[in-house]
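Chemist: Sharing a structure with you now.
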Amino acid sequence: MAKVALLIGVSDYRDGFTRLPAAKKDIEAIQEVLENPKIGCFDDVKLLANPDAQPMREAIEILFSDLQKDDLVLLYFSGHGIKDDSGNLYFATCDTRKNNKGELLTATAVQASFVHNIMNRSRSKRQVLILDCCFSGAFANGLNAKSDRFVDIRNQLGGEGRAILTSSSSTQYSFEEQGSDISTYTRYIVEGLETGAADKDEDAWISVDELHEYAQAKVQEVAPAMKPEIYAIKEGYKIQIAQAPIDNPKLIYRKEVEYWAQNDEISVDGRKALNLLRDRLGITPEEATRIEDEVLQPFRQYKEKLHQYEEIFREKIQSEYPIKDKTRADLKRFQDILQLTDGDIAVIEKPLIDDKKIKTIINWPVLRIMILAISCIAIARFLPIIGEDEPPKGIAEKCSRYSQKNVAQANNYKNVKIVYGEKFILKQDNYIKTDNHVCKKAGTIAFASKEYDKSMEFFDYYLNQKPNPNDPEALIYRNNALAYQKDNPDDQKDNPLKIAVSSPTIKESDESKEVLRGVAHAQDEINKKGGINGRLLQVAIANDDDDKSKAKEIAKLLVENPQILGVVGHFSSGVTLAAGGVYEQGKLVAISPTSTSVEISTSDNLYLFRTAISDEETAIYLADYMISTLKKKKVAIFFNNENKYSQAFRYVFGRSIKNNRGEIFTYNLSKSNFQPAKELQKAYKQGVEALLLIPGAGNQDKENAIEVI
């Protein structure tokens, strides 16, 4: 019964593939244990370092020829695995390269199907294949990834009387630590054989399944995200690879150390037991320490990796909270390099994030946060809080007489940009002009005249008639009047708590009216409950016309008013960001319920927030849908390169497509000479498979987008 092995290590590659310095050392370490007469006792072990494709094929074919049924044959490979678009696995060689399109030149690599055919033709029914690689070609800094992505190992290489051991599942990375003598997986394969520790059933033999079990456990202690796998059928699991000493004192002591090891230390009880065993076995303290260090090393390495991740995450969260998507991607890459699971980093991140949240809230006036959190019910549907009974007869006449008598007072507020109830802001033809519509006008005149009781009376009359309960402006004014008349008039200027809402309320915009309804609803709920600590809430309303210059002017007025605790607004992303600079400088909290800009809620904006989902998340999701679900790789993006929303969405979407190895082609919708048919003809020539339209706010953009469709 012969025992033969071929050990292939490829460390040097052409451009496009990361070097794997440990691969050559891997095969030398495996050779040493296989040739050892007290361990592997192999008859013939051949090394093949950095071969070209043809010599590698020849060596594999020779290995599996001229064998008998009971002969043991072992093929070991350390290097890059590559998967083509059809899912076929190849083993990269020293001369493996890609064509101009970035596709694998298959003749320069050894296909798994070739190895499979050779193994199937062999008479040996005891075949072991050890692959210290995985299957993608993804590379990381600090550690060299030996590949990733799903490969059907069992069907491409499996067979009767055969066992395949892999350093990771086909969806995991396999790393070699730079500066380490040998790669992580091979280190524990060698350790399990060399020490005999892989002999789990203590029968003096190490079988394939025992070796796998040992290496898997050790690898996951140091790299939990890495999952070694075994693929075997029936007797393949029990192929015996090496001998293991039964009565070796060092092995006995080692197994006892593994029993008592807890993370990176030995328990008090364990220390007492090990000291007694050490003396009984006649092992020196120095030798015992060496064995303990070997056993505890994976735990210490794992703990050090957790510490490294904690350090970098602590640094990031101190300078940037909430964490940006780009930073999160960097952290994910670092996590992969350290081979930590999502569960590992969750344990590290949660207390740091919780601590940051607490400190963030404490650093702001708590009162501001309370008011904004309650009052910013974004785009909420306003409910008819006031009843809908008909008003008493003669009220309309009373309102009309009051308005005519005091109309001069209202003229004083014609040019005021921020109001609490002194004049109309919302376009009035949005509501049916009922007979008591004049009562709303009377309510504003009474408010301007500081007759807050009368103002409340008139607004109540107005709100009690259909469809007026859905008028958020009247409800806000009514609650503002209530807040002013509640206490001593001498204190009325200082008593209410005040926030502001800024939106393009004069324009025909359902969304802007919905924002106003949400704020009105929240204010009414607060005031019905007696306010906050006995102080009612007032809401100032401003119309910015969704114009950047007007929004900045309004923001300046709000910042200069020390009584304003926070702002709900503005509407579009561009206007929100324009006003946001003023709020940041004045340290006034503002929350936009409609802006989706990726530039809001970044670490640079300590006072500007949003409640709507970020364009970045939407763009990433859409890109993933196009690549993963629609299976499209080339997309034409029609956008406005002068519009912030359009620019940001194009950038994030395009970046996501490129990260998934797709291609983008961009076209400017806002060009003065934009010709849809001509631009589409260009796109078709470039092989575009999908279109993304991201028009800006202008009508011309929208018309051009429709022409493209």
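Chemist: Points 7 angstrom from Cα along the Cβ direction at Ser400 and Arg19: gap in nanometres?
Modeler: According to this spin-label approximation, the distance is 9.5 nm.
Chemist: Give Lys332/Lys644; Lys556/Lys587; Lys316/Lys350; Lys634/Lys685 a once-over and call out the pairs whose C-alpha atoms are over 20 Å from each other.
Modeler: Details: Lys332/Lys644 28 Å; Lys556/Lys587 11 Å; Lys316/Lys350 14 Å; Lys634/Lys685 12 Å.
Among Lys332/Lys644; Lys556/Lys587; Lys316/Lys350; Lys634/Lys685, the Cα-Cα distance tops 20 Å for Lys332/Lys644.
Chemist: Also, I was wondering about something else. Tell me, what ³J(HN,Hα) does each residue in segment 623-639 have, in order and in whole Hz, if you take phi through Karplus 6.51 cos²θ - 1.76 cosθ + 1.60 with θ = phi - 60° and put x for Gly and Pro?
Modeler: 3J(HN,Hα) across segment 623-639, in whole Hz: 5, 5, 4, 5, 6, 7, 8, 7, 6, 9, 10, 10, 9, 9, 10, 9, 8.
Chemist: Also, quick follow-up: How far is the Cα center of segment 67-129 from the Cα center of segment 656-709, in Å?
Modeler: 44
Chemist: With the full set of protein chains in place, find how many percent of the accessible area of segment 589-709 is carbon and sulfur; take the probe as 1.4 Å. Mind showing how you got there, number by number?
Modeler: Details: 3130 of 6440 Å².
With neighbouring chains kept in place, the figure for segment 589-709 is 49 percent.
Chemist: What is the distance in Å between the Cα centres of segment 531-548 and segment 462-479?
Modeler: 16
Chemist: Tabulate in residue order the Karplus-calculated ³J(HN,Hα) for segment 513-528, using 6.51 cos²θ - 1.76 cosθ + 1.60 with θ = phi - 60°, rounded to whole Hz; enter x for Gly and Pro.
Modeler: Result, rounded to whole Hz: 5, 5, 4, 5, 5, x, 5, 4, 4, 5, 4, 5, 4, 4, 5, 5.
Chemist: Please identify the GluC sites (Glu not before Pro) of segment 53-125 that satisfy two criteria: DSSP loop assignment and at most 10 other Cβ atoms within 10 Å. Which are they?
Modeler: On the way: sites: Glu58, Glu61, Glu103; in loops: Glu103.
Loop-located and lightly packed - Glu103.
Chemist: Continuing with the same structure: Mind checking segment 628-686 for chymotrypsin sites (Phe, Trp or Tyr not before Pro) that DSSP puts in a loop (not H, G, I, E or B) and that have at most 15 other Cβ atoms within 10 Å? Could the numbers behind the result be given before it?
Modeler: Details: sites: Phe638, Phe639, Tyr645, Phe649, Tyr651, Phe653, Phe665, Tyr667, Phe674, Tyr684; in loops: Phe674.
Passing both the DSSP loop test and the Cβ count: no residue.
Chemist: If you average the sequence gap of Cα pairs under 8 Å that are 6 or more apart and divide by the length of segment 525-617, what percent do you get for the contact order?
Modeler: Numbers: 135 pairs, mean separation 19.5, N = 93.
With pairs under 8 Å counted, the relative contact order is 21 percent.
Chemist: Counting only heavy atoms of protein chains, what accessible area per residue, in Å², does segment 528-574 have with a probe of 1.4 Å? If you can, show how the numbers build up before the last one.
Modeler: Numbers: 2020 Å² over 47 residues.
Value returned for segment 528-574: 43 Å² of accessible area per residue.
Chemist: Extending each Cα 7 Å along its Cβ direction at Lys98 and Asn659, get the distance between those two points in nm, one decimal.
Modeler: Going by the 7 Å Cα→Cβ label model, 1.8 nm.
Chemist: Which length gain, in nm to one decimal place, applies between Lys450 and Gln686 when the Cα-Cα distance is subtracted from 0.36 nm times their residue separation?
Modeler: Details: separation 236, 0.36 × 236 = 84.96 nm, distance 6.87 nm.
Separation in residues times 0.36 nm, less the Cα-Cα distance, equals 78.1 nm.
Chemist: Could you derive backbone 3J(HN,Hα) for segment 640-648 from the dihedral phi with the Karplus parameters 6.51, -1.76 and 1.60 (θ = phi - 60°), listing whole Hz in sequence and x where the residue is Gly or Pro?
Modeler: My calculation for segment 640-648 gives 9, 7, 10, 9, 4, 4, 5, 4, 5 Hz in order.
Chemist: Let me know the Kirkwood hydrodynamic radius for segment 581-709, please, with Cα pairs as the basis and the value in Å to one decimal. Spell out each step's value before the answer.
Modeler: On the way: mean 1/r = 0.0630 Å⁻¹.
Over segment 581-709, the inverse of the mean reciprocal pair distance is 15.9 Å.
Chemist: For Lys38 and Lys634, compute 0.36 nm times the residue count separating them, minus their Cα-Cα distance, and round to one decimal in nm. Please list the in-between numbers first.
Modeler: On the way: separation 596, 0.36 × 596 = 214.56 nm, distance 5.93 nm.
Contour length minus Cα-Cα distance gives 208.6 nm.
Chemist: Determine the share of segment 10-116's accessible area contributed by carbon and sulfur atoms, expressed in whole percent, with a 1.4 angstrom probe.
Modeler: On the way: 2230 of 5020 Å².
C and S fraction of accessible area: 44 percent.
The values are calculated or read from the model by the stated rules, or taken from the named source; none is laboratory data. Here the structure is a predicted model, which is why all the values come from computation and not from measurement. Glycine also receives a Cβ, built like all others from the backbone with ideal geometry; neighbour counts cover every protein chain displayed. Side chains included, ligands, DNA and RNA excluded: accessible areas come from the protein's heavy atoms. Shrake-Rupley method; radii C 1.70, N 1.55, O 1.52, S 1.80 Å.
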